[in-house]
Amino acid sequence: MKPSIVWFRDDLRVADNPALRAAVDDGAAVALYVLDEESQGIRAHGGASRWWLHHSLAALGEDLAALGIPLLLRRGDAASIVRKTTTSLGAGGLYWNRRYGAAERTVDAGIKAWAGEAGLHVASFQASLLHEPWEVTTKTGGQYKVFTPFWRTVSAQDFREPLAVPEEGHGFTGELPAYDELDSWGLLPGKPDWSGGLAEMWTPGAAAGHKRLADFVADGLSNYSEGRNRPDTDGSSCLSPYLRWGELSPFEVWHSLGSRRSESASIFASELGWREFCWHQYFHNPELATANLRPEFDRFPWAWPGGGTGDANNSNGKHPGHESAPEEFRAWQQGRTGFPMVDAGQRQLWHSGWMHNRVRMVAASFLVKNLGIHWQLGEQWFWDTLVDADPASNPANWQWVAGSGADASPFFRIFNPEAQRVKFDPQGKYIAHWIPEFGTPEYPEEIVDLKTTRAEALEAYKEMREVH
Ligand SMILES: Cc1cc2nc3c(=O)[nH]c(=O)nc-3n(C[C@H](O)[C@H](O)[C@H](O)COP(=O)(O)OP(=O)(O)OC[C@H]3O[C@@H](n4cnc5c(N)ncnc54)[C@H](O)[C@@H]3O)c2cc1C
C-alpha cells in the first residue's frame, strides 16, 4: 500500500480531522508539519505562540504515535518540503485541511497544482471554520460587513457532527525520510525563560482542550452570560488557544452545546460566531493587520508613530505635544500606566499569555484613544504575547476597538478604565491579584489625564472627518 501524507497546519488534533481521516482511508498514513518561516507573506509566529506550538506539536506527536502514525517535522519553505517529502516517500495521496490567509492559500494552490500534475490524489477539507468564507455571501453576492446578519445566515446551517479519531493500525511503518527534532527548532524561550507563568495556566494539546471544554460545559456555561464579562471570576471558557491551534475544532465546540439554547448557550455560540466573522473579514481583506478597513482612518492624526500622518510605518515624528508617546507605549506594555484595569490586564498577558476579553477591550481602547497610539502597535504587541494570537481575530478586534473595522465600535465610544474597573471588578479581586502594590506608594501615578486625553481623541477624530 502506498503511503499517504496528511499535512498538519492549524489543526493540531487527531479527532474531527477530515484530512487525517482521508489519509488513513487512502493508504498508510504519514503526518507532516512544516515550520514555514520562508514563504512570502506568511506572518512569523510571536514568542508566546512559539511556546504553545512547541508543546502542541509534542502532544500531537504522542496522539499520532498512539495510532501508529509517524509525525515528520520539517522547517523551511513549505512548497519544496511538501514536494520533496511526497516524492521521497513515493506517496500516492496528499491531504490537508484548508487555510484562509491569502499567502497560505497561494502556497496551497501551488502545491495542489503540482500534486495534480504529478498524478497524486490530492484533496483539501473544511475543518477550521463552521463556514467557508466564499460560500456565505450577502444577497448581492458580496462579503458580510455586519455581524448580526452574517451570523444569522451562518448559524441557520446544520453543521456536520465531529468525526471520530481514526482506528489504530493505519500508519506507515516503512523507512522515513530525514526529519527535524522538535527541540532543534528553538521554539521555547532560552535565557531569560519567561514561560513559567504560561506553563502554570496552560497545558497545550487536544486532551487538555477537550477537558477544558467538558469542564466549561458542565460548570461554566450556565452562568456565561454574566460571567463572561467578569475578569475576577473564571466566567469565560478559556478555549481560545485550543481553537486557535486547532486542538479543538469549532464543530466539536458547537456540538458540545447540544440542544441547549439557554441565553448563555446562545451568547456563547455567538462568540464562536465572532471568531467566524473575524475570519470572514480576513479572507476578504488579507491586509487586515496592516490596513484600515475604513479608509478614512488613513488620515487619523495618531500621536505616534506617524507624526500625525495616519501612517503606522512613519516613525519619524510625533504629533506635536505627544513627544512622550513612545515612553507611554512602554508603560502600557509593562503595565505601569497608573490605571489598574489596564495594568492588571497587561501583567496578566505578560505572565500567562492571555488576557480577559473585557480587559483586552479596555487596554486596547486606552492605547488607541487615551494615548493616541496607532492600533497596529497594539496589535503587534498582542501578536507577540498572546498564546491565542490569531491572524484574523487579533487584527479584526483591534480594528473593532479603534473604530476602523467592520461593524466596529464607534470611535467616540471611549472606555473609561476606572468606570470599567468599578463595574466589572467590584471587589477589586482581579486588581489585587495582578497588582499587589495597588494602593501603596509603589504603584505608578497615572501617566495621562483621562478627561483631557478623551477630549483630544474626539478632536482628532473630528479632524479626520473634516479633511476631504
Ligand atoms: C484587542 C483584542 C484582541 C484580541 N485578539 C484575539 C486573538 O488574537 N485571538 C483570539 O482568539 N481572540 C482574540 N480576541 C477576542 C477575545 O478577547 C478572545 O477570543 C477571548 O478573550 C478568549 O477567551 P475565552 O476563550 O475565554 O472566550 P469565550 O468568551 O469563552 O469565547 C469562546 C470562544 O469564542 C471566540 N471569541 C470570543 N470572543 C471573540 C471575539 N471578540 N473575536 C473573535 N473570537 C472570539 C474565541 O475563540 C473564544 O475562545 C481579541 C479581543 C480584543 C478586544
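The values are calculated or read from the model by the stated rules, or taken from the named source; none is laboratory data. Since the model is a prediction, treat every value here as computed from it, not as a measurement. Counting neighbours? That spans all protein chains shown, and the Cβs are built from the backbone with ideal geometry, glycine included. To get the accessible areas, we keep the full protein, side chains included, count just its heavy atoms, and leave off ligands, DNA and RNA. Shrake-Rupley method; radii C 1.70, N 1.55, O 1.52, S 1.80 Å.
Give me the residue from the stretch 367-383 that is assigned to a helix (DSSP H, G or I) and away from the ligand (no atom under 11 Å from the Cβ) and, out of that set, nearest to the chain's Cα centre (by Cα).
GLN380
Residue by residue through the stretch 111-159, note down the ones that are within 25 Å of the chain's Cα centre (by Cα), open to solvent by less than 30 Å² (accessible area, probe 1.4 Å) and of a type in the set (A, V, I, L, M).
Passing the criteria: ALA127, LEU129, LEU130, VAL136, VAL154.
Would you pick out the residues in the stretch 324-364 that are aromatic (Phe, Trp, Tyr), in a helix (DSSP H, G or I) and either farther than 23 Å from LEU243 by Cα or within 14 Å of the ligand (Cβ to nearest atom) (or both)?
PHE329, TRP332
For the stretch 420-445, give me each residue that is in a helix (DSSP H, G or I) and not small (Gly, Ala, Ser). Please lay out each step first, then the result.
Taking the stretch 420-445 as the starting set, the residues that turn out to be in a helix (DSSP H, G or I) are 420-424, 429-434.
Those that are in a helix (DSSP H, G or I) and not small (Gly, Ala, Ser): GLN420, ARG421, VAL422, LYS423, PHE424, LYS429, TYR430, ILE431, HIS433, TRP434.
Among the numbered criteria (1) under 20 Å from LEU243 (Cβ atoms); (2) in a loop (DSSP other than H, G, I, E, B), which one does LEU60 miss?
All conditions are met except number (2).
Give the stretch 26-71 a look and list any residue that's more than 25 Å from the chain's Cα centre (by Cα) and aliphatic (A, V, I, L, M), or say none.
So the first thing to find is which residues in the stretch 26-71 are more than 25 Å from the chain's Cα centre (by Cα), and the list is 26-30, 65-70.
Result: ALA28, ALA29, VAL30, ALA65, ALA66, LEU67, ILE69.
Quick one: in the stretch 262-290, of everything that is in a helix (DSSP H, G or I) and polar (S, T, N, Q), which residue is farthest from TYR144 (Cα to Cα)? Break it down into steps so the answer makes sense when it comes.
Step one: of the stretch 262-290, the residues in a helix (DSSP H, G or I) are 263-284.
Subset that is polar (S, T, N, Q): 264, 266, 270, 281.
Working: SER264: 25, SER266: 21, SER270: 16, GLN281: 8 Å.
Only one residue tops the list, namely SER264.
Regarding GLY169, is this residue free of Cβ contacts under 8 Å to residues at least 24 places away in the same chain and either on the phi > 0 side of the Ramachandran plot or of a type in the set (Gly, Ala, Ser) (or both)?
When the stated conditions are applied, GLY169 does not pass them.
Report the residue count in the stretch 387-419 for those that are outside any helix (DSSP H, G or I), within 13 Å of the ligand (Cβ to nearest atom) and either crowded, with 22+ Cβ neighbours inside 10 Å or at pLDDT 95 or above (or both).
So the count comes out to 11.
Are any residues in the stretch 9-54 open to solvent by 30 Å² or more (accessible area, probe 1.4 Å), in a loop (DSSP other than H, G, I, E, B) and in contact (Cβ under 8 Å) with a residue 12 or more places away in the chain, and if so, which ones?
Hits for the stretch 9-54 are ASP10, GLU37, GLU38, GLN40, GLY41, ILE42, ARG43, HIS45.
Do the conditions hold for GLU287, that is, is it surrounded by fewer than 19 Cβ atoms within 10 Å (Cβ to Cβ) and not hydroxyl-bearing (Ser, Thr, Tyr)? It would help to see each step written out before you state the result.
Working: surrounded by fewer than 19 Cβ atoms within 10 Å (Cβ to Cβ): yes; not hydroxyl-bearing (Ser, Thr, Tyr): yes.
Here the answer is yes, as GLU287 does meet what is asked.
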